[in-house]
Amino acid sequence: INPLGIPENVLRSLQEKLSLLTQYPDQECRKLRLALEKRTGVPAQQILCGNGASELIEAAVRGLHAGRILLTAPSFSGYRHAAKSHGCQILYHELRREDNFALTDRYLEDLAKKPDLAILCSPANPIGNRIAPDLLLRIAETCERQGNWLMVDECFLGFLADEEQRTMRRLLVPSAVFQQFQRLLVLDAFTKRYAMPGIRLGYLMAADPEILKKIQAQQPEWSVSVPAQ
C-alpha cells in the first residue's frame with residue numbers, strides 16, 4: 001500500500017460530505033464512471049465499479065461461468081479464494097526460481113489447455129515482477145483466438161512510471177494502433193495507489209458493456225457506498 005498514505009484532498013472530501021450518508025448510493029455509479037472515463041480513456045459504459053477488486057474478481061468468476069481457471073503460483077490468494085468459492089477447477093502455472101519467478105513463454109503451454117478464465121497480475125502480486133509487454137500482448141491474442149477470458153489485474157501498475165505504456169486498458173478501445181480485444185478484462189482499484197483499503201473501491205473494464213452487465217448481476221444491490229463514490 002502506498003507509503004505516502006491517503007491523499008489529503010480525499011480526507012478533506014470525506015469530512016466535508018458526511019451529510020451525504022443519509023442518501024442511498026447510485027447503483028450505477030454514474031458520476032464515478034464518468035470521472036474514471038476521463039482518467040483512463042475507457043468509455044464509462046465499459047467500466048463496472050465494485051466494493052474493491054476482490055468483489056469484482058468473485059463476481060467475474062460467477063458471471064463468466066468459469067469452470068476452469070488458470071492461475072500462476074505464487075499469486076494473490078484472492079484469485080484462488082474466488083475460484084474455490086465457485087467450485088472451479090484450478091490449473092496452476094508454476095513460476096520458476098531459475099527464471100526469477102518471471103512469466104515466460106512457457107505460460108503459453110498452459111494457456112493451450114484452454115481454461116475458461118486466465119488471471120494475471122501486472123506487476124505480479126506478491127512477486128513484483130513486471131510482465132514483458134510483448135508476451136502479455138501474445139497472451140491476450142491467444143485468449144482472443146481460443147475464446148477464453150483473460151483478466152489482467154493492474155492494481156499495482158500505478159506505481160510504475162511507464163504505466164500508460166504498459167496498461168492493457170488501451171486494448172479495450174478502438175484505435176489505429178491496437179485492435180479491440182473482446183475477451184479481455186482489466187482490473188484496477190484505489191486500494192494500493194491511494195492507500196485506502198478501508199474505502200473498498202475497485203473497477204473492472206471490458207470492451208463489451210454486455211459482459212459487464214452479466215458480472216454486475218452477481219454483485220449485491222448496493223455494492224459501492226456513498227463515501228467510496
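Looking at the range 113-127, which of the residues that are open to solvent by less than 60 Å² (accessible area, probe 1.4 Å) and more than 17 Å from the chain's Cα centre (by Cα) is modelled with the highest pLDDT?
Looking at residues that are open to solvent by less than 60 Å² (accessible area, probe 1.4 Å) and more than 17 Å from the chain's Cα centre (by Cα), I get PRO115.
What is the residue count in the range 160-196 for residues that are open to solvent by 40 Å² or more (accessible area, probe 1.4 Å) and either under 12 Å from the mean Cα position of the chain (by Cα) or over 22 Å from VAL10 (Cβ atoms) (or both)?
Result for the range 160-196: 16.
Filtering the range 128-141 down to residues that are hydrophobic (A, V, I, L, M, F, W, C) and part of a helix (DSSP H, G or I), which residue is most open to solvent (accessible area, probe 1.4 Å)?
Looking at the filtered set, the residue picked out is LEU137.
Just the residues that are farther than 23 Å from SER54 by Cβ and either of a type in the set (Lys, Arg) or surrounded by 15 or more Cβ atoms within 10 Å (Cβ to Cβ) (or both), please, taken from the range 142-159.
THR142, GLU144, ARG145, GLN146
Residue check: is ARG39 over 22 Å from MET168 (Cβ atoms), open to solvent by 30 Å² or more (accessible area, probe 1.4 Å) and either in contact (Cβ under 8 Å) with a residue 40 or more places away in the chain or not β-branched (Val, Ile, Thr) (or both)?
Considered against the rule, which asks whether it is over 22 Å from MET168 (Cβ atoms), open to solvent by 30 Å² or more (accessible area, probe 1.4 Å) and either in contact (Cβ under 8 Å) with a residue 40 or more places away in the chain or not β-branched (Val, Ile, Thr) (or both), ARG39 comes out as no.
Among all residue pairs at least 6 apart or on different chains, which show Cβ distances below 9 Å where the first residue, located in the range 112-130, is at positive phi and the second is part of a strand (DSSP E or B) and open to solvent by 50 Å² or more (accessible area, probe 1.4 Å)?
LYS114/ARG68
Can you give me the number of residues within the range 50-100 that are open to solvent by 40 Å² or more (accessible area, probe 1.4 Å), among the polar types (S, T, N, Q) and either under 15 Å from ALA124 (Cα atoms) or without any contact (Cβ under 8 Å) to a residue 24 or more places away in the chain (or both)?
Counting residues in the range 50-100 that are open to solvent by 40 Å² or more (accessible area, probe 1.4 Å), among the polar types (S, T, N, Q) and either under 15 Å from ALA124 (Cα atoms) or without any contact (Cβ under 8 Å) to a residue 24 or more places away in the chain (or both) gives 3.
Are there any pairs, at least 6 apart or on different chains, whose C-beta atoms fall under 8 Å, with the first in the range 150-173 and at positive phi and the second at pLDDT 95 or above and surrounded by fewer than 21 Cβ atoms within 10 Å (Cβ to Cβ), and if so, which?
Taking only residues 6 or more apart or on different chains, not a single pair turns up.
Within the range 195-219, how many residues turn out to be over 13 Å from ALA53 (Cα atoms) and at pLDDT below 95?
Result for the range 195-219: 0.
The values are calculated or read from the model by the stated rules, or taken from the named source; none is laboratory data. On a predicted model such as this, the values are computed, not experimentally measured, just so you know. Positions of Cβ are generated from backbone atoms using ideal geometry, with glycine treated the same way; all protein chains shown enter the neighbour counts. We work out accessible area using only protein heavy atoms, side chains counted, and drop any ligands, DNA or RNA first. Shrake-Rupley method; radii C 1.70, N 1.55, O 1.52, S 1.80 Å.
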